[in-house]
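Encoded as structure tokens, the structure appears first; notes follow it.
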Amino acid sequence: MKYLVCVKQAPDTAELPKVKAEEAASGELSIQLVVNPWDEHALESAIQSSEDYGGSVGVITVGGEKAIDALRSGLAMGCAEATLIEDTEADAWGVATLLAAAIEQMGDVDLVFTGQLTVDGNSGMVPIALARKLGWPVLTGVAKIIEVTDDSIVVERVVGEARLTVKTQAPAVLSVIKEIGEPRYPTFIKIRKAARVKIPTLTASDLGVDAPAPVVQMDNYRKPPARDAHVQLFDNASDLVDALLAEKVL
Amino acid sequence: MQILVFIETDGGAAVASSWEALGKALSLTDQVSALVIGENVGDVAAEAGSRGAKTVYVIDDASRALFDLDLYAADASNVLSQSEADAFLASHTGNGRDLMAAVGFDLQAGVLADCLDLSADGDKLVGLRPIYSGNILVDATTSGPVQLATLRPRAAAPAEPTGASADIVSVTPAAVAGRVEVQKVERAEAGEISLTDANVIVSGGRGVSKDPELGFKLIGELADTLGAAVGASRAAVDAGFIEYKHQVGQTGKVVRPDLYIACGISGAVQHLAGMNASKVIVAINKDSEAPIFSVANYGIVGDLFDVVPAMNEAAKGKL
Ligand SMILES: Cc1cc2nc3c(=O)[nH]c(=O)nc-3n(C[C@H](O)[C@H](O)[C@H](O)COP(=O)(O)OP(=O)(O)OC[C@H]3O[C@@H](n4cnc5c(N)ncnc54)[C@H](O)[C@@H]3O)c2cc1C
């Protein structure tokens with residue numbers, strides 16, 4: 001079994017409110033970048049699956065040179081190998097196209113794990129697009145891995161308010177939610193080892209593809225209007241309820 | 001502009017936020033058609049007509065009883081070309097997102113995902129998109145062969161029934177084999193209100209720690225009185241006080257109720273990322289310095305174990 005986890009280097013959530021409109025527009029952020037939190041759950045789940053069912057785990061990202069740090073985090077958690085696809089222009093469809101090309105080139109990937117969303121782009125489109133490009137089934141909202149075999153996987157999915165147990169063929173793409181498991185802390189030894197792993201860098205031309213030009217245009221980057229931050233405090237619950245009735249929200 | 005709207009169904013009934021997508025489409029153009037896929041969905045198709053769709057394309061088949069991305073995406077692509085719509089819209093539910101991503105990628109058409117609003121600039125659809133977890137807003141447009149968008153639940157008023165009727169066009173299911181076998185379906189308990197659809201949410205945080213069971217019981221009782229859904233902070237979920245599906249925030253659900261009552265929640269940025277678009281925020285916290293008070297409209301500084309039951313009593317008397 002070969003598992004591959006797709007991760008993205010994304011802003012530290014604690015610093016997201018500091019992102020400025022100009023920075024978002026240029027993509028050049030001054031805040032701390034870390035592994036997208038949803039992807040940490042994907043890393044955990046793939047590593048846990050490899051421990052439960054055998055096999056090895058790779059980690060891959062599309063990004064700039066700095067995205068190597070996200071790959072090192074994956075290595076420190078327990079991935080055996082890492083790949084950087086260097087590209088900073090691609091949008092969701094472009095990222096999916098590049099990842100698919102790399103996966104086809106690897107040739108031996110059975111299960112691709114992703115997080116369900118990034119905390120910067122927020123679209124959640126990549127896992128589905130990646131599966132479409134590969135021609136593989138995709139399961140989103142995965143909360144639990146129930147069984148992995150050489151050619152199939154059984155998982156629990158959360159879809160709206162329902163929970164489904166589903167089986168599909170491998171190879172497949174999964175996008176996971178937090179419930180699947182808390183990411184493990186890397187040990188000091190693993191962090192040291194991860195720092196020494198040589199990470200190959202590929203470009204679109206190495207992969208023999210042209211990432212499609214972005215099809216979504218974003219303009220007028222701005223901060224949302226600040227909340228009207230004047231809290232009115234009450235001494236008792238009855239007055240508070242009256243205020244909420246007067247606001248017509250009850 | 002001609003817009004096709006995906007009306008998601010579940011067990012033969014429409015998913016409520018689909019009517020919001022239809023309502024938004026109707027506010028942009030009167031050329032609106034609907035796509036209904038499922039099993040025994042004749043009533044939903046008729047309702048889509050009553051709520052204003054001129055034409056309703058229906059794929060009613062046992063193989064469509066549950067959402068299956070391969071099948072639904074093939075059906076939607078067929079109907080999209082048959083209808084000649086310029087735009088295709090869905091509510092940003094998990095299934096709505098998956099469907100739009102698949103159809104969009106297959107056609108190399110862009111998706112304006114999880115929009116807070118949509119407007120029309122001539123024949124161009126303009127999506128108000130939150131990015132960076134709501135910390136930045138952009139106007140998004142797409143240049144693909146067809147314009148796709150998903151609308152965040154509760155971002156628009158639902159289309160209301162008018163008694164009108166639509167042309168119902170029955171479409172043959174696409175000849176595609178499914179690859180996913182559903183072995184078990186557990187639905188939410190009847191009457192449970194989903195966080196993303198709720199008008200009112202009462203949430204609990206680590207502040208319940210001294211007696212978590214009692215704390216969430218009191219929160220649940222207040223929620224029942226208010227017809228509200230129950231939410232939680234990650235700290236409450238991670239401590240095992242309540243299930244993950246109740247988590248609001250960065251790695252939980254993003255909600256925008258009319259009223260959000262945060263009980264024993266400090267207001268960390270990751271929690272705010274999930275709820276700071278709520279219309280009115282109420283904070284119940286014993287620490288007057290808690291950051292939640294800086295986004296709250298109303299508050300009580302006090303012990304939630306006293307304040308929550310007192311609110312419940314007061315609300316019972318006044319509602
Ligand atoms: C990557 C990442 C993702 C995250 N995602 C989320 C997320 O999705 N959702 C989320 O909520 N958090 C998330 N967090 C965690 C977040 O940073 C906070 O740790 C969490 O929100 C704190 O929860 P809390 O407010 O319940 O607890 P605390 O911060 O401990 O606050 C408890 C509050 O309760 C008050 N209190 C205590 N006792 C009482 C009482 N008896 N009566 C009234 N008030 C009382 C205290 O004054 C305090 O303000 C995330 C963090 C990271 C790093």
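Points worth noting:
- So B:Ile261, is it within 9 Å of the ligand (Cβ to nearest atom) and closer than 23 Å to B:Ser194 by Cα: no
- The set of residues in the range B:140-176 that are open to solvent by less than 40 Å² (accessible area, probe 1.4 Å) and at the interface with chain A (Cβ under 7 Å from one of its Cβ atoms) comprises B:Ala140, B:Thr141, B:Thr142, B:Gly144.
- Selection of the range A:1-49 for residues being part of a loop (DSSP other than H, G, I, E, B), within 14 Å of the ligand (Cβ to nearest atom) and either closer than 21 Å to A:Val154 by Cα or more than 12 Å from chain B (Cβ to nearest Cβ) (or both) yields A:Lys8, A:Gln32.
- The listed residue being open to solvent by less than 50 Å² (accessible area, probe 1.4 Å) and either near the ligand (Cβ under 9 Å from one of its atoms) or over 23 Å from the mean Cα position of the chain (by Cα) (or both), out of B:Ala239, B:Ala223, B:Ala235, B:Ala229: B:Ala235
- Within the range A:23-44, the set of residues being among the acidic types (Asp, Glu) and within 22 Å of A:Asp87 (Cβ to Cβ) comprises A:Glu23, A:Glu28, A:Asp39.
- Residues satisfying the stated conditions in the range B:97-114, i.e. closer than 16 Å to A:Val215 by Cα, open to solvent by less than 10 Å² (accessible area, probe 1.4 Å) and either part of a helix (DSSP H, G or I) or more than 7 Å from every other protein chain (Cβ to nearest Cβ) (or both): B:Met100, B:Ala101, B:Ala102, B:Val103, B:Gly104
- Set B:Asp106, B:Asp123, B:Asp139: member being modelled with pLDDT of 95 or more, out of contact with any helix residue (DSSP H, G or I) (no Cβ under 9 Å at 6 or more places or on another chain) and over 17 Å from B:Ala21 (Cβ atoms): B:Asp139
- Filter result for the condition that a residue is over 28 Å from A:Pro11 (Cα atoms), at the interface with chain A (Cβ under 10 Å from one of its Cβ atoms) and either surrounded by fewer than 22 Cβ atoms within 10 Å (Cβ to Cβ) or within 15 Å of the ligand (Cβ to nearest atom) (or both), over B:Val202, B:Val182, B:Val269: B:Val182
- Residue list for the range B:291-314, filter: surrounded by fewer than 20 Cβ atoms within 10 Å (Cβ to Cβ) and either more than 8 Å from chain A (Cβ to nearest Cβ) or touching a residue at least 60 places away in the same chain (Cβ under 8 Å) (or both): B:Pro291, B:Gly302, B:Asp303, B:Phe305, B:Asp306, B:Pro309
The values are calculated or read from the model by the stated rules, or taken from the named source; none is laboratory data. Just so it is clear, the model here is predicted, and its values are computed rather than measured. Cβ sites come from the backbone with ideal geometry, for glycine too, and all protein chains shown count toward neighbours. These area figures cover heavy atoms from the full protein model, side chains too; ligands, DNA and RNA do not enter into them. Shrake-Rupley method; radii C 1.70, N 1.55, O 1.52, S 1.80 Å.
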